[in-house]
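To start, I am sharing the structure in question, which I have written as C-alpha cells.
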Amino acid sequence: MKLVILGGGGFRVPLVHGALLRDTADPRVTEVLLHDTDGARLDVMRRVLAARAALARDSGAATAPPTVTATTDLDTALAGADFVFSAMRVGGLEGRTADERIALDLGLLGQETTGPGGVGYGLRTVPVALDVAERVRRLAPDAWVINFTNPAGLVTQAMQSVLGERVVGICDSPLGLAKRAAGALGHDLDDLEIDYAGLNHLGWLTGLRHEGRDLLPDLLADDVALGAIEEGQLFGTEWLRTLGSLPNEYLFYYYFTRDAIAQITGAPQTRGEYLVGQQADFYAGVTDEPEQAWQRWDSVRRDRNATYMQETRESDDGHTQERAEADVEGGGYEGVALALMAAIARDEPARLILNVRNGGAVVGLPDDAVVEVPCRVDAAGPVPVTVSPLPGHALGLVQQVKAVDELVIRAAVEQSRSLAVQAFALHPLVDSVTVAREVLTAYSARLPEHYAGLR
C-alpha cells in the first residue's frame, strides 16, 4: 500500500514512520511518499527516516521497512495513493507565531488552534485543504484521507465537502485522556466503553463503563487517584467534580482564560517562537552532521514533548510542574493513524476516538457537522457509537464553536472579509467586535499572502 504524507518535511513525521516499522501484518504500507513545499526539510526528514530504518534492520526487524521517497510536486505525490496523511502547516511556524502574538497583543488568548489563533489558522488552511481534496478526488479517488492538519475538526469538515466520509480527522488528546483515566482506575482501556463527545480540542469524557457500570464517578470521588493524573493537576480536583466529567486538556483555555493569558504573556517567548529557534537548530544540525540525524531528532523530540502546553502546568508559585514520564513518552497520534489504516485495509475492527460526520451522534448539532466521538472502525470505515447527551453548558459551547468553524469555512471559500470578521467576533474567546476587526487587520498586515484576497 502507498501512504502519502503531506507536510512530509515536518518534525513529527518519524513518529508515523516508526509506527509503520512496528507493523508486521499484511497488507501493510510498503511505500511512503513524503510531500512538502520545502525541499530542504524533505532532505532532512529522509535522512532521519533512513537512520531509523537502519536501526530497525540492525535490531533484526522481521519485515523490510517501507521505501521512502520525496517530492515537492503534489500531483506526483497523490497519484495512486491508498492513504493520504495530512499534517500540513500552512504558513509554517511564522504563521503559528502570528496566531499567538496577534491575539496576545490585543489582550486575547494566543494559542494556535484555540480562540482567535485557530480562526486565523483555519482561514489560511481551508483553501489549501480544499485544493488537496480536489486533487485526491482526481488522482486517488479510492484513497482515505487521515487528517491531522489543524484546526483538525474544521479542516476535516471542509475536506469532507469534497470527499465525503473518506476524510477522517485524528487527534491523540482524547485517547490519551481516556487512557490516563482508565489507568487511574486500574483498568486497561481496551476493557472499557468510552463515553466521550465534543469537537476537536473541545470535548469531555463523561463516562468509562465496565460491564455496564460507569467507573468514572469512582475516579472523581478519589482525591489521590484524580489528583495524580494530568487532568487533575491541570483543572484541579474540585472543578472536575463540579463538572462531573474530565475535560480535554484544551478546555483549560476556556475555563481558565485569564490564567492562561497571564502565563503565556509572562513567558519570555510563545510556544511558536520557542519552536522557531528549536526547529531551525535541528534542521541545520542534521544538514551539517547527517550521521547524527536520528540522535538529534530523538533528543529534540523529548524536549518538545516535555514542554508541550507548558503554560497549563505553571503553579501558583511560578514553577512549572513536570509532565509524567508516560505522558512525555506517550505520543499517540501515530498509533491512532496506524490503527485506523489497519482497520480499513485489513478489516481489523478497532475502537477509536475520531473526527467524523455527526450523523446524529451528538444531539444538538447538524448531521453534517464533524464531531469528535468514539467510533467502531472496520473495512467500511468509521461509524460513531452512541454517546450520552452533553450537558447544557458543554453543548452551548460546542454549538457556538461549531458555528464559528462553519463561518471560517464559508469565509475561506467565498474569500469574504465580512464572514471572517464574524468568525473572529462570535468566538467565545473574543470579547469585542472592534477587537475582531483589529485581529483580522493585523493578520492581513503580517501575512498578506494568506489574507490579502479577503474582500
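Are any residues in segment 88-115 over 17 Å from the mean Cα position of the chain (by Cα) and within 16 Å of A420 (Cα to Cα), and if so, which ones?
Residues satisfying the conditions are I102, A103.
Which residue, of V16, V48, V44, is at pLDDT 95 or above and either exposed (fewer than 15 other Cβ atoms within 10 Å of the Cβ) or within 22 Å of N147 (Cβ to Cβ) (or both)?
Working: V48 fails: either exposed (fewer than 15 other Cβ atoms within 10 Å of the Cβ) or within 22 Å of N147 (Cβ to Cβ) (or both); V44 fails: either exposed (fewer than 15 other Cβ atoms within 10 Å of the Cβ) or within 22 Å of N147 (Cβ to Cβ) (or both).
Going through V16, V48, V44 in turn, the sole match is V16.
Would you list the helices (runs of 4 or more DSSP H) that sit entirely within segment 388-453 and hold 1 or more residues that are among the aliphatic types (A, V, I, L, M) and either touching a residue at least 60 places away in the same chain (Cβ under 8 Å) or crowded, with 22+ Cβ neighbours inside 10 Å (or both)?
Output list reads 392-414, 417-426, 433-446.
When you look at E334, is it modelled with pLDDT of 70 or more, assigned to a helix (DSSP H, G or I), among the acidic types (D, E) and closer than 22 Å to V167 by Cα, yes or no?
Taking the combined requirement at face value, the residue satisfies it.
I would also like to ask the following. For T24, are the conditions met, namely being surrounded by fewer than 17 Cβ atoms within 10 Å (Cβ to Cβ) and at pLDDT below 95?
The answer is yes for T24.
Would you confirm whether or not segment 53-65 contains a residue that is within 26 Å of D142 (Cα to Cα) and either open to solvent by less than 40 Å² (accessible area, probe 1.4 Å) or in contact with a Lys or Arg (Cβ under 6 Å, 6 or more places away or on another chain) (or both)?
Yes: one or more hits.
Suppose we keep only residues that are among the aromatic types (F, W, Y) and surrounded by 20 or more Cβ atoms within 10 Å (Cβ to Cβ) within segment 202-249. Which one would you say is farthest from G107 (Cα to Cα)?
Residue satisfying both the conditions and the ranking: W204.
Looking at R455, R437, R417, R376, can you tell me which residue is more than 19 Å from G118 (Cα to Cα), more than 24 Å from the chain's Cα centre (by Cα) and not small (G, A, S)?
Exactly one residue qualifies, and that residue is R455.
While we're here: In the list G107, G91, which residue meets the criterion of being open to solvent by 10 Å² or more (accessible area, probe 1.4 Å), of a type in the set (G, A, S) and touching a His at 6+ places or on another chain (Cβ under 9 Å)?
One residue alone meets the criteria, G91.
When R301 is evaluated against the numbered criteria (1) touching a Pro at 6+ places or on another chain (Cβ under 9 Å); (2) open to solvent by 50 Å² or more (accessible area, probe 1.4 Å); (3) of a type outside the set (A, V, I, L, M, F, W, C), which criterion, by number, is the only one it fails?
Among (1) touching a Pro at 6+ places or on another chain (Cβ under 9 Å); (2) open to solvent by 50 Å² or more (accessible area, probe 1.4 Å); (3) of a type outside the set (A, V, I, L, M, F, W, C), R301 violates only (2).
Restricting segment 367-387 to residues that are part of a loop (DSSP other than H, G, I, E, B) and open to solvent by 60 Å² or more (accessible area, probe 1.4 Å), which is nearest to T242 (Cα to Cα)?
T386
Filter segment 66-79 down to the residues that are open to solvent by less than 40 Å² (accessible area, probe 1.4 Å) and over 11 Å from L139 (Cβ atoms) and list them by number.
P66, V68, A70, T71, listed by residue number.
Confirm whether L185 is farther than 18 Å from E372 by Cα and out of contact with any Pro (no Cβ under 6 Å at 6 or more places or on another chain).
Considered against the rule, which asks whether it is farther than 18 Å from E372 by Cα and out of contact with any Pro (no Cβ under 6 Å at 6 or more places or on another chain), L185 comes out as yes.
The values are calculated or read from the model by the stated rules, or taken from the named source; none is laboratory data. Please read these numbers as outputs of a predicted model, since none were measured by experiment. Every residue, glycine as well, gets a Cβ built from its backbone with ideal geometry; the counts of neighbours run over all protein chains shown. Each accessible area value is taken on the protein alone, full model and side chains, heavy atoms only, with ligands, DNA and RNA left out. Shrake-Rupley method; radii C 1.70, N 1.55, O 1.52, S 1.80 Å.
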